[in-house]
Structure formats: structure tokens, C-alpha cells
Amino acid sequence: MASHPVVVIGAGPAGLTAAYELGKNSSSSLILEAGKQVGGISQTVNYRDFRFDIGGHRFFSKMPMVTELWHEILGDNFLLRPRISRIHYNQHFFDYPLKATNALAGLGVVEALLVCFSYAKVKVFPNAQEENFEQWVINRFGYRLYQIFFKTYTEKVWGISCTEISADWAAQRIKNLSLKEAVRNALLGQRGGKKGEIVTSLIEQFHYPRLGPGMMWERCEELVAGFGSQTLKAMKVEHIRHRHGRVDCVSARASSGEHFEFEGSDFVSTMPLRELIEAMDPQPPDKVMEAALGLRYRDYLTVVLVVNCEDVFPDNWIYIHSPEVKMGRIQNYKNWSPYMVPDPSRTSLGLEYFLWDKDDEWTWSNERLIEFGTRECAQLGLIRPGEVEDGTVVRMEKAYPVYDHHYQDHVRTIRQYLETFSNLQTIGRNGLHRYNNQDHSMVTGVYAARNIMGESHHDVWAVNTEKAYHEEDRTTSGNGGDRMVPLPVQVKVDELPIEEEEEIIEVVFAKLDPVAMGVAVGTISGLLILIGTVILVLKGGPVVGPNLSLLGNFLFGFQVTWGGSLVGFLEGGLGGFAIGYSGASLRNWSMTAYAKFLRWREEVNHRRNLLD
Amino acid sequence: MGTDFKSNDELSRVVAKIQGGVLAVVCGLMGGLGLFFMTAWLLLEGGPKVGSHLQLLSNYFIGYSVTWKGSLVGLFYGALTGGILGWAIGFIYNRVVGIRGR
């Protein structure tokens, strides 16, 4: 039995990041990977020098820590790529993120009118409840837009009705912003930097490793090895042996069938929660087992076609909403990075199918799937069948944790059980059963490592739920450039700390006290009238203050006399108070209204990216 | 959803204080230049009785008249009065904020 300080199960982004963070702090680890390649769902598969990405991974993060890590690991091997994506529906292409004019023009006059009516209707009579995805989207887009742009695709991806999907899924992706966050993002997030940096719109362009996301994790594996850690591939963990609230060792089976046991002082698992619970030895209580079995995962299959055509379509990917085909999305890998294809005259397309592992298609032969995919592509008018020269298939089990109505209860039960172990942490997308992106998974890896190193306790379950984890990132200026002329990327990380930005906002948006302003303006107004009147009375003359006495039209009982000066002081003071109070209130209200407008604008932008 | 931030949905918990000196300068500039340009405008317009109403300010500002020389006197008085008013508003405002904040 081999013994290591830390055993990490899974060499995906979360597991490798944990090992990397441990290594940087002089702590070696053993990484056990069930597959033959590192990177998990972020691996790059190489088929006859055509490289492809499982699902398409844009490298952008709102967390500066992650951006730093990426560049620390991969140096300047990043390209800055423009994003082009569209939706295919009813023989039309629609820009995605959705643009109102483009969408309405593509739908035709009648449908566009119906969309507008349905949007207006839901704004007047919104769904009172927002428990499921359908209600959530309809409340924001109206029924017809939901039906056209969300229903079919979402149901293709998740394999269940939108009414069965929890609203959490959408809400997690479109987080509510506080006014302060919205203002910070809009104002401080877009200012020019010291040396002319600007915030690049990470919606319109993204970072991408030259040879796909797997390049990152292959490099990370090398770095981790340099720290004295070891990665064992094709080593599937089958049992996790524990006693007295501690995990003692894990038992794994190699591809040869041989069994190995690995001891450790700390264990970090990225295994799907269902598999982890099933592997616990002795078995957890029935309640926990039932919860684990209640978790569902969506599987995913990519049919890769090598097409003898230089330029099939300009997009990085296209969402296929059209219900007549089973394909959910199609990737054009050379548009992600021109280095993904060995020959620029060829194009490699990734046809993505979202399935359950019990679906017939999951067990179809590669040849049958390639033929099926070719036919669907031709049906959509994207290629001619004769252009397809070669192809392959990649299957990825448990790619997406399913957010049905019961998952939260199940996860809560499992989490309570796992928290009874003092030396076991679960991280990553499947380890937390959360629809985390790569950056979130990496953060969970960093936190797990820091917990092991005895730093203050980080709650890995809070990642991608708390706003604190969504700080804005800023990058140096850069022209997105021509799509076929990729630019290397430099990342700037020495920006103003978030606390200082908050202080700036606190000061700039500090409220005026209306009462104090009323008193100040009122006092001064009253005194001005009093002094003005007294001066004229003291000067005397045949007609005293004929012009000032016109104020009597507005100030009841005012005259240019000693008594009138007191009346003027009192009434002028009251008028001044009203003006000062209203002015301060109006200024406060305007600032809040402006901030609410900024938040509304940002939320609209977020909603436009709901499918990503 | 939608409720978690609303309990804390405030841009700033700070009540603004006014810098009396700054407000004095701003109001002084506005008062001085305002009176200067108003006087100059009337002079440029010309007519039989130039600025008969603005002339009434001479009741308070000794030496002021609607003439080119008077415009410079007005600049001085306007700046002085504006400065005092601005400073006084800031001073009173800050005092009241201080009292209410106790």
C-alpha cells in the first residue's frame, strides 16, 4: 500500500488545481484519474492531429485569482479570440447573445408582433411563482420568446421538461446584482487605467489556449510533477475506506484490472457525488444512499466530423434549437483556435448530443453516429454529405449535474454526511453537484488545498453561490483582431482593490441629508430677506423698498418694515427649507435611479447569455 | 431569488458632509461671475434706461452700478456674497448633520 500526504481523486480542473496549489506550498500529492487523459471535461482530444474541445471552454473569469492561475500555468500560450455564436431555428440564424432587432427581423412581422404582445402581457401579468425554469424565463422574455429561443434547446440539453428544471439553474447563471455592484461594474469597471488599459468585453471575446483547454491541464500535470506529485491515469477509484470519521485509504482498479490501495492523511474528491457515496466503505446510512441515487446526470456525446472545406461557417458554435434534429449544438474548432486543425483547408466540426446513458444513441457504433450526424448537418444546410472525410466520437459521462426539483434536498443530505469526515473534501462540478464553470471548479480546488494547509477555513460549497466570488476582472487593452490572426494576451492583475472601490462608491453616492439641507438653505434664505429688508428700512426715504415689497405677492403679510422683516425671515426660511429639502431628496433619488438603471442594463446583458 | 440583495440594497450608508470651503469657492465664483456677466449683458444691450432693476442692488452693494466699472465692483461683491452664503450653507448643513447623527 502506497502512502501519500494528500490523495486527489480526479485530474480535472478542480483536482489538478488543488494539487498545483498544494505543490506550490511544498506539499506533494497523488492524483488518481479514471480516464486516460487529464483535464476531465476540459481536456483536448486529439484525433489525427485534429484537436477538439469537449463542449467549448471560453477562458474568461470574473475572479482575478483564476486569471492569474491560468497565466501562471500556461504563460503566453493564450489567444484572444472573438466570439461569434448564433441560434439556428426554423431555417434561420439568429445572433446570440440575442439582439432585439435581429431576432424580430428573423421572426417575420406576424411572429414579431406576437412576441411583442406576449412580452407586454407578461410584464403586466407576470407569473406569481418562479419555481421552475419555464416560469423564470417567461417572466423575463414572454411566452413566445421562451418557446422559440429557450424551450427546445434547454429540453435538448437537460432531457427533461423546462417545468421540471428548477429556477435555480437560471438564477445561478443570472445573479442578482446589488446596486453597489452594478455601479461598480458600470463605472469603475470601465474606466481607463493608468496606462490606457480598458476593460475588454469578455462577452464578445475570450481567451483560449492555443491548443485547446487540455493544453492547460497537460501543462499543469507537468508542473505538479515538478513539485514531486504523481498523476496515475486509468486508475478508477472503487472504494473509499473510512473509520471514526476519517478516510484511511482509497482502493482503485487500474485498466489492467489490478487493484491498488493508497493511504493518505487528506483526501480530495472530484468524483460525482453519487459515485462517491456508493464507493464509501462501510456504506453510508440508507437515507444518504437514497439521496445519492436520486441525483441525476446528463451525459454528453460529441460526433466529430472532418470536413473538406476551408470555411464552413464563421461561428465558434451554433445552438441548434430546431426541433427536427437531435443535435443540440455544433462547434467549429478552428474558429476557437486555428491551431486546432493540422490543415487550414480542412474544418473539424463537433456535433454535440445531450443524452442519458440509457438512450439508444449512447450505444450506437461510432460509424452509425457519424452517419447520423452528417445527415443532420446536411439537413440544417451546413455541409454537403460528400464533404465529410473522416470522423470520430467522444462520449463523456456525467457531464452535467441535473438541477431537478429534488436535487437540493439530496445534496443537503449528502453534504451533511460528508461533513462528518475530518479529512475528506469534495470539489469540482460533479463533486459539488453544481453547474460550475472551469473557473469555479478551480477556485474550489484552491480552497480545498488551503484548507489542508491549515489556512482559515474556506467553504468550497459557497463557490458560485456567493456574490463575493464574482468580482469583476479587468484585462489589458487588446484588439480582438481578425479571427484568423490570433493575438497573445497579457493580463493585468494589479488593479484597485475591491475595498477601495467600495469606499469610492460610498463617498460618491453618499446621501445628502434633506433635513439638514433644508435647515441650511432655509436659514440663509430667511436671513437674506431679513437683512435685505432691514437695510432698506434703515435707509428710509419717501417710499421704502418699493421693489422688495413685491415679495408680498408670495410671502403672506410681508412688507418692508421692521415687522415685515420678521415675517420675511419666517416665511423665507420656510420656503428655503422646502427648496433645500426637495433639492437634496431629488439629488438622492436621481443617484439611486441612475444606479438602478445601471443594474437593469447589466441584468439585461446577463440574461442575453442565458444559454451559455 | 430576488430578495437576497434587497435587504442590503443600498448604494451608500454614508451621509454626505459638505466641504464649506469648496462650496464657498463654487458659490463665490457663480455669484461674482454671474453678476459681472449680467451687468455686462445689459450694457451691451444698451437702451434709454440701462439695467434699471439690476441697479437696485446698489442698495446693498455700495458703489455698484450698471456700468463697466460697476461690473467689476459687482464681480467683487457677488464673489464675496456668494462665498459667504456657500460657506454658511455648508457650515449649517454639517452642524445639523452632526447633531442628527448623535
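The values are calculated or read from the model by the stated rules, or taken from the named source; none is laboratory data. All figures in this text were calculated on a predicted structure; none of them were measured in a lab. No Cβ is skipped: glycine too gets one built from the backbone with ideal geometry, and neighbour counts run over all protein chains shown.
For region A:374-415, a residue qualifies if it is outside any strand (DSSP E or B), in contact (Cβ under 8 Å) with a residue 60 or more places away in the chain and farther than 21 Å from A:PHE133 by Cβ, and the qualifying residues are A:THR374, A:CYS377, A:LEU380, A:GLY381, A:LEU382, A:ILE383, A:GLU387, A:THR413, A:ILE414. Across region A:545-557, a minimum of one residue is classified as within 12 Å of chain B (Cβ to nearest Cβ), out of contact with any helix residue (DSSP H, G or I) (no Cβ under 7 Å at 6 or more places or on another chain) and either in a loop (DSSP other than H, G, I, E, B) or charged (D, E, K, R) (or both).
Within region A:221-236, residues that are under 16 Å from A:GLN37 (Cα atoms) have Cβ atoms under 9 Å from residues that are basic (Lys, Arg) and in a strand (DSSP E or B) in these pairs: A:MET235/A:ARG253; A:LYS236/A:ARG253, counting only partners at least 6 apart in sequence or on another chain. Cβ separations smaller than 6 Å between residues 6+ apart or across chains give the following pairs from region A:508-537 residues that are within 7 Å of chain B (Cβ to nearest Cβ) to residues that are assigned to a helix (DSSP H, G or I) and among the hydroxyl-bearing types (Ser, Thr, Tyr): A:ALA516/B:TYR93; A:MET517/B:TYR93; A:ALA520/B:TYR93.
Each row is one residue, and each column tells you yes or no for (1) at pLDDT below 70; (2) in the same structural domain as A:THR152 (by TED's automatic domain parsing); (3) in contact with a strand residue (DSSP E or B) (Cβ under 7 Å, 6 or more places away or on another chain).
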| site | (1), (2), (3) |
| --- | --- |
| A:ILE165 | no, yes, yes |
| A:TRP169 | no, yes, no |
| A:ILE174 | yes, yes, no |
| A:LEU179 | yes, yes, no |
| A:VAL183 | no, yes, no |
| A:LEU187 | yes, yes, no |
| A:TYR208 | no, no, yes |
| A:PRO213 | no, no, yes |
| A:TRP217 | no, no, no |
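May I ask you to verify whether B:LYS69 is charged (D, E, K, R), away from chain A (no Cβ under 11 Å) and in a helix (DSSP H, G or I)? I'd like the intermediate steps shown before the answer.
Working: charged (D, E, K, R): yes; away from chain A (no Cβ under 11 Å): yes; in a helix (DSSP H, G or I): yes.
Considered against the rule, which asks whether it is charged (D, E, K, R), away from chain A (no Cβ under 11 Å) and in a helix (DSSP H, G or I), B:LYS69 comes out as yes.
Which of the residues that make up region A:407-435 are out of contact with any Leu (no Cβ under 9 Å at 6 or more places or on another chain) and within 20 Å of A:TRP169 (Cα to Cα)? Spell out how you get there, then give the answer.
Within region A:407-435, the subset out of contact with any Leu (no Cβ under 9 Å at 6 or more places or on another chain) is A:408-409, A:412-413, A:416-417, A:419-423, A:427-429, A:434-435.
Residues satisfying the conditions are A:GLN408, A:ASP409, A:ARG412, A:THR413, A:ILE427, A:GLY428, A:ARG429, A:ARG434, A:TYR435.
Out of region A:571-585, which residues are more than 14 Å from chain B (Cβ to nearest Cβ) and either surrounded by fewer than 17 Cβ atoms within 10 Å (Cβ to Cβ) or assigned to a loop (DSSP other than H, G, I, E, B) (or both)? Within region A:571-585, A:LEU574, A:ALA578, A:SER582 meet the criteria.
Checking each residue in region B:41-54 for being surrounded by fewer than 17 Cβ atoms within 10 Å (Cβ to Cβ) and either hydrophobic (A, V, I, L, M, F, W, C) or within 14 Å of another protein chain (Cβ to nearest Cβ) (or both) picks out B:TRP41, B:LEU43, B:LEU44, B:VAL50, B:SER52, B:HIS53. I'd like the residue in region A:343-360 that is outside any loop (DSSP other than H, G, I, E, B) and acidic (Asp, Glu) and, out of all such residues, is surrounded by the most Cβ atoms within 10 Å (Cβ to Cβ). Residue satisfying both the conditions and the ranking: A:GLU352. Listed conditions (1) in a loop (DSSP other than H, G, I, E, B); (2) crowded, with 19+ Cβ neighbours inside 10 Å are all met by A:SER422, apart from (2). Scanning region B:72-102 for residues that are without any contact (Cβ under 8 Å) to a residue 12 or more places away in the chain and either touching a His at 6+ places or on another chain (Cβ under 8 Å) or more than 10 Å from chain A (Cβ to nearest Cβ) (or both) gives a single hit, B:ARG102. Scanning region A:51-63 finds no residues that are free of Cβ contacts under 8 Å to residues at least 60 places away in the same chain and surrounded by fewer than 22 Cβ atoms within 10 Å (Cβ to Cβ). Screening region A:497-507 for residues that are assigned to a helix (DSSP H, G or I) and more than 8 Å from chain B (Cβ to nearest Cβ) and picking the one that is farthest from B:GLY101 (Cα to Cα) gives A:ILE498. Residues in region A:309-323 that are over 15 Å from A:GLY381 (Cβ atoms) and assigned to a strand (DSSP E or B): A:TRP317, A:TYR319. For region B:37-58, the set of residues classified as modelled with pLDDT under 90, assigned to a helix (DSSP H, G or I) and touching a helix residue (DSSP H, G or I) at 6+ places or on another chain (Cβ under 6 Å) is empty.
May I ask you to verify whether B:LEU57 is over 30 Å from A:VAL515 (Cα atoms), more than 11 Å from chain A (Cβ to nearest Cβ), surrounded by 12 or more Cβ atoms within 10 Å (Cβ to Cβ) and under 21 Å from the mean Cα position of the chain (by Cα)? Walk me through it before giving the result.
Numbers: over 30 Å from A:VAL515 (Cα atoms): yes; more than 11 Å from chain A (Cβ to nearest Cβ): no; surrounded by 12 or more Cβ atoms within 10 Å (Cβ to Cβ): yes; under 21 Å from the mean Cα position of the chain (by Cα): yes.
So B:LEU57 does not fit the description; no.
Any idea which of A:ASN127, A:ASN46, A:ASN90, A:ASN102 is in contact with an Asp or Glu (Cβ under 7 Å, 6 or more places away or on another chain) and surrounded by fewer than 16 Cβ atoms within 10 Å (Cβ to Cβ)? Working first, answer last.
Numbers: A:ASN127 fails: in contact with an Asp or Glu (Cβ under 7 Å, 6 or more places away or on another chain); A:ASN46 fails: in contact with an Asp or Glu (Cβ under 7 Å, 6 or more places away or on another chain); A:ASN90 fails: in contact with an Asp or Glu (Cβ under 7 Å, 6 or more places away or on another chain).
Exactly one residue qualifies, and that residue is A:ASN102.
When A:ALA252 is tested against the conditions (1) buried (at least 19 other Cβ atoms within 10 Å of the Cβ); (2) touching a helix residue (DSSP H, G or I) at 6+ places or on another chain (Cβ under 7 Å); (3) at pLDDT 95 or above, the lone failure is (2).
Tell me, which residue of region A:291-328 that is within 31 Å of the chain's Cα centre (by Cα) and without any contact (Cβ under 8 Å) to a residue 40 or more places away in the chain is farthest from A:TYR407 (Cα to Cα)?
Of all residues in region A:291-328, those within 31 Å of the chain's Cα centre (by Cα) come to A:291-305, A:311-328.
Those still in the list that are without any contact (Cβ under 8 Å) to a residue 40 or more places away in the chain too: A:293, A:311.
Details: A:LEU293: 11, A:ASP311: 43 Å.
Of everything passing the filter in region A:291-328, A:ASP311 is farthest from A:TYR407 (Cα to Cα).
With respect to the conditions (1) hydrophobic (A, V, I, L, M, F, W, C); (2) surrounded by fewer than 21 Cβ atoms within 10 Å (Cβ to Cβ); (3) within 11 Å of another protein chain (Cβ to nearest Cβ), B:LEU33 lacks only one, and its number is (3).
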